[in-house]
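To start, the structure under review is shown below, and the notes come after it.
Since every read-out is calculated from the coordinates, none of them should be taken as a lab result. Given the structure is predicted, the values throughout are model-derived calculations rather than measurements. Please note: Cβ atoms are built from the backbone with ideal geometry, for glycine as well, and neighbour counts cover all protein chains shown.
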Amino acid sequence: MANYNISFDASSLIAGLNLQLETAIKRAVQTTALTAYTAWKETINQSTGLWQPIKDRYAASINIRFDPDGMGARIYSDDPMATPIETGIPARDMKRALDTSAKVRVAKNGKHPGQRYLIIPFRHNTPGNVAHAKAMPMAVYEQAKELTKSHVTGKVSARSGLNASSLRTKGPLMTMRNTYKWGGRLDGDDIPKNLRGMVRFNTSSGGQKSSSHITFRVMGEWSSGWIIPAQPGRYIVKDVSAAAHAMLREEVTAAIASVS
């Protein structure tokens, strides 16, 4: 038996390399996930054509979950608005509400007796505020803020125009309608057509004074238009995901090179 020998055992070296590589890859996964998380939120906030409250809610819904072994991550959102924002919304005919809304009325007189209609309120923001609706021009606002305020005075029960029965009472379907004390209204050739008839409602609560500016339009069976145009998908997740996968490949390649 030889008293002299040269032997090799690389297991300790491989174990060390494996530990370094695993640590580097976990770091790459974490960096990529955080980058994708931030990019998703930032892209939402930079998107145009979405109301800010919807963008805020969508961005706030995004979360990260790392795999227990640290080798993977999932960035996700459970916001119900995610699907229409990501993949788009088809055109919608608002007049379908005439078949389903309990607030439908039936015209008794005028040009369209016997036909159904809805009165649709539109809120108009003051200059500098565009979160929930388009702001009215400053010249219009200067007149609108001087209007005598209108008030909701109560509610009355009225028969719905759906010609349906109540499941509870078995009698005619009823609905509640507001009653009003009307104040001033905007009118005149210098007022844009979509703002004519605007009223100023008192919405003060407690010691805080406020008001809202509303116009009303009639949507009847006889009306043309009332089609909400299709909204294209923004495909934020698709683009951010592609960039994240590319980044992870680069990070893992760099991690392998750093320990080789």
Descending semi-axes in whole angstrom, ellipsoid equivalent of region 108-240, from the Cα gyration tensor: 30, 25, 19
Karplus (6.51, -1.76, 1.60) ³J(HN,Hα), θ = phi - 60°, over region 66-71, in Hz, Gly and Pro reported as x: 8, 4, x, 7, x, 8
Percent breakdown of C-alpha pair distances by 10 Å bin, ordered from the shortest bin, for region 12-153: 9, 19, 21, 21, 13, 8, 5, 3, 1, 0
Two-decimal Rg/Rh across region 150-207, once Rg and the Kirkwood Rh are taken from alpha-carbon atoms: 1.19
Volume in Å³ per residue [convex hull over Cα atoms, computed for the chain]: 260 Å³
Fewest-first sequence of F122, F216, F201 by Cβ atoms within 10 Å of each Cβ: F216, F122, F201
Positive-end extreme of charge dipole, region 92-228 - chosen from S211, V156, L195 (charges on Cβ): V156
